[in-house]
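Notes follow once the structure below has been shown.
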Amino acid sequence: MKLGILTISDKGARGEREDKSGKAIQEIMSQQGFEIAEYKIIPDEPELIKKYLLEWSEKELDLILTTGGTGFAPRDQTPEATREVIEREAPGISEAIRFYGLQKTPRAMLSRGVAGIRKRTLIINLPGSEKAVRESLSALLPALTHGIEILKETTTECAQE
């Protein structure tokens, strides 16, 4: 399965901060057999976020994971940009991320990340910290591949039993 990783960070885009969360995604998802087809660090600019989400979904990536821009800071616009791009929301994914995170810290409720589908690409907003990314992926991995298979119509199991 092909994966795109979009790190959204003003400091990261300027080279002032190492992209630890993006690297954590690369490490974990590579171990799960995903091919890293795209990787980019961009500033917190909604038009840029939308540009890459649209371009990468046109390339028919199976999954796009964003990291960063999901909090309360005024420049955190990732969920809003994502909502403008997706065709169908997948709220259970974001709920699972927050629920899993709440078992670790009450701050998980402050994540505004969303998830949804554009064409045959699943797009998921992850938090910006390496620790939160690792926790979020732990919550998602048990069902993620199956969800993508259903989206791609490559599974033999029925999704609605």
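Can you spot a residue in the range 2-24 that is closer than 19 Å to I148 by Cβ and not in a strand (DSSP E or B)? Spell out how you get there, then give the answer.
Here is the first cut: in the range 2-24, the ones closer than 19 Å to I148 by Cβ are 2-6.
In the following step, the residues that additionally are not in a strand (DSSP E or B) were identified as none.
Looking for residues that are closer than 19 Å to I148 by Cβ and not in a strand (DSSP E or B), one finds none in the range 2-24, hence no.
Do any helices (runs of 4 or more DSSP H) entirely within the range 66-161 hold 3 or more residues that are within 27 Å of K11 (Cβ to Cβ) and small (G, A, S), and if so, which?
Details: elements: 78-85, 91-102, 130-152.
The helices (runs of 4 or more DSSP H) meeting that bar are 130-152.
Take the residues in the range 57-68 that are in contact with a Gly (Cβ under 7 Å, 6 or more places away or on another chain) and farther than 12 Å from I36 by Cβ, then tell me which one is surrounded by the most Cβ atoms within 10 Å (Cβ to Cβ).
T67
Would you point out which residue out of A90, A73 is under 15 Å from N125 (Cα atoms) and either among the aliphatic types (A, V, I, L, M) or surrounded by fewer than 12 Cβ atoms within 10 Å (Cβ to Cβ) (or both)? First the steps, then the outcome.
Working: A73 fails: under 15 Å from N125 (Cα atoms).
One residue alone meets the criteria, A90.
Return yes when A90 is touching a helix residue (DSSP H, G or I) at 6+ places or on another chain (Cβ under 7 Å) and at pLDDT 95 or above and no when it is not.
On the way: touching a helix residue (DSSP H, G or I) at 6+ places or on another chain (Cβ under 7 Å): no; at pLDDT 95 or above: yes.
So A90 does not fit the description; no.
Only one of these conditions is not met by E47: (1) on the phi < 0 side of the Ramachandran plot; (2) outside any helix (DSSP H, G or I); (3) charged (D, E, K, R). Which number is it?
Result: E47 passes all but (2).
Take the conditions out of contact with any helix residue (DSSP H, G or I) (no Cβ under 9 Å at 6 or more places or on another chain), at pLDDT 95 or above and either more than 23 Å from E135 (Cβ to Cβ) or not basic (K, R) (or both) and apply them to Y52. Does it pass?
yes
In the range 24-34, which residue that is in contact (Cβ under 8 Å) with a residue 24 or more places away in the chain and within 15 Å of the chain's Cα centre (by Cα) is surrounded by the most Cβ atoms within 10 Å (Cβ to Cβ)?
Taking the range 24-34 first, the residues in contact (Cβ under 8 Å) with a residue 24 or more places away in the chain are 24-25, 28-29, 32-34.
Still in the list and also within 15 Å of the chain's Cα centre (by Cα): 24-25, 28-29, 34.
On the way: A24: 21, I25: 27, I28: 16, M29: 20, F34: 22.
If we take residues in the range 24-34 being in contact (Cβ under 8 Å) with a residue 24 or more places away in the chain and within 15 Å of the chain's Cα centre (by Cα), then I25 is surrounded by the most Cβ atoms within 10 Å (Cβ to Cβ).
The values are calculated or read from the model by the stated rules, or taken from the named source; none is laboratory data. Small disclaimer: the values here were computed from a predicted structure and weren't measured. All Cβ positions, even for glycine, are placed from backbone atoms using ideal geometry, and neighbour counts span all protein chains on display.
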